[in-house]
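Rule-based calculations on the coordinates, nothing more; no lab input. This is a predicted model, so every value here is computed, not measured.
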Amino acid sequence: DYLSEINRDVPKFLTDMKAEMPAYLLKTDDESKAISTVTTEWNGALPFTILIDANGGVSYFRQGKISPETVRQKIDALLVPGVSTPAVESAQP
């Protein structure tokens, strides 16, 4: 995001989404290094959804739009022992 968007659009988006979790701004001179820190499979595109398990591993990863119901299903599946879901999904056109 550009600095003007950070101060204007990001707070509005978080308010509109009724986001109650903390939000952090990552400021870096090397964006590609920050992106690869999240996961080497992410190219930095948004929207981006990633679910990290208790051990810090990637349990679910998707670049592209995803419905809230799909996210709920993925989280529910991860909470049930012995149920596995594909860790990476590609965006549909």
* Structure fact -> Residues whose modelled amide H sits under 5 Å from the amide H of Gly64, counting only those 5 or more places away in sequence or on another chain, are Phe48, Thr49
* To do: Determine the shape class of the stretch 1-86: with a ≥ b ≥ c the square roots of the Cα gyration tensor eigenvalues, call it rounded for a/c under 1.5, and otherwise prolate if a/b is greater than b/c, oblate otherwise.
  => oblate
* To do: Enumerate the calculated ³J(HN,Hα) couplings along the stretch 43-48 in order (Karplus 6.51 cos²θ - 1.76 cosθ + 1.60, θ = phi - 60°), each rounded to whole Hz, writing x wherever the residue is Gly or Pro.
  => 9, x, 6, 10, x, 9
